[in-house]
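Quick one: the structure is below, questions incoming.
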Amino acid sequence: MYRFLLTPRWWGINVFVVLAIPFCIFMGSWQLGRFEDRVDDHHSADRQADSARRQAAAPLADLLPVDKATVNRQATATGRYAEQLLVPDRELDGREGYYVLTMLRTGSGEALPVVRGWLPGAADPAKAPAPPSGEVTVTGALQASETPGDNGVSARGGLPAGQTAAISAASLINLVPYDVYDAYVTLNRGDSGMKAVPISETQDSGLDLKAFQNLGYTAEWFAFVGFVLFMWFRLLRREVELARDAELGLAPADEQPLADEEKEARTHPSGV
């Protein structure tokens, strides 16, 4: 009854199943591993952020360039405040508002973007407090430049003068007449009555959309294993039923007349 398994057609089916199942299991396991790696990165970022808060502040120059080891570290810098910009569409505690971003001109000739605080509502230069005059020393959490379109950072253009969508050196260099550090600092305490901006998560280290895409791909690959097995058993059952019907002399209705004609031909050969 199972001799059909030795036919070329079933050899091809069986080879496909034998190769497809381990391949799908491998790909599903790989995607699951990617998801677990992202979860571990998320926990590591949380631990690093907690550790950074407890460490003593260090001079800005000692922490550059920003990487996973220095992001969220407490940094200090001395200089004079210069141009002030507003960063609209920033949510805090479930409310829409904007950041007040002021450039700190340091002795190196470059300017450090400093997020002095957050204000609710639409970005309004009249409501943004002017920065302190004279030389100041700031202390805050060091952050890497933002990437427009990532981590909720707006990528829209056409903003009014004095506004920027992203706190990025690539964007700010076009808005101020001097070089800008490829980093920024958020003050630990909001300046002039503004609300302090909390430390942001390190980019590409949290449970973001990519992580859950990996988890979704994992489910798809393992579901495909079940689909392959289901189809193989379904085809096998169909072939077994057809073989059993053939042994019992049963045939589908549309094939019965043909069987009767063959039987009649054997009984009464033509010309006899």
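For the range 73-198, build the charge dipole from Cβ charges (+1 Lys, Arg; -1 Asp, Glu) around the Cα centre, then report which of 79, 145, 183 sits farthest towards its positive end.
It is 79, whose Cα lies furthest towards the positive end.
Might you report the magnitude of the Cβ-based charge dipole of the range 73-198 about its Cα centre, with Lys and Arg at +1 and Asp and Glu at -1, to the nearest 20 debye? Provide the component values of the computation, followed by the final result.
Details: 10 positive and 13 negative charges, 57 e Å.
The calculation lands at about 280 debye.
Still on this structure: Can you give the extra length, in nm with one decimal, that the chain gains between residue 246 and residue 234 once fully stretched, where that is 0.36 nm per residue apart less the Cα-Cα distance?
On the way: separation 12, 0.36 × 12 = 4.32 nm, distance 1.85 nm.
Contour length minus Cα-Cα distance gives 2.5 nm.
Assuming R0 = 51 Å, what is the FRET efficiency of residue 19 and residue 96, from their Cβ-Cβ distance, to the nearest 0.05?
0.40
Additional query: What are the extents of the Cα atoms of the range 3-121 along their three principal axes, listed from largest to smallest and rounded to whole Å?
88, 36, 27
Taking Cα pairs under 8 Å and at least six residues apart, what relative contact order does the range 73-198 come out at, in percent?
31
Ordered by packing density, taken as the mean number of other Cβ atoms within 10 Å over each peptide's residues, highest first, how do 75-88, 234-247, 170-183 rank?
Values: 75-88: 19.5, 234-247: 12.4, 170-183: 16.1.
By packing density, highest mean first, the sequence is 75-88, 170-183, 234-247.
Debye calculation, C-alpha points only, no solvent: report log10 I(q)/I(0) for the range 73-198 at q = 0.17, 0.20 Å⁻¹, in the same order as the q values.
Log10 I(q)/I(0), no solvent term: -0.82, -1.19.
Bear in mind these aren't lab numbers, they're just calculated from the coordinates by the rules spelled out. What you are looking at is a predicted structure, and each value in this text was computed from that prediction instead of being measured. Methodologically, a virtual Cβ is constructed for each residue, glycine included, from the backbone with ideal geometry; neighbour enumeration extends over all protein chains shown.
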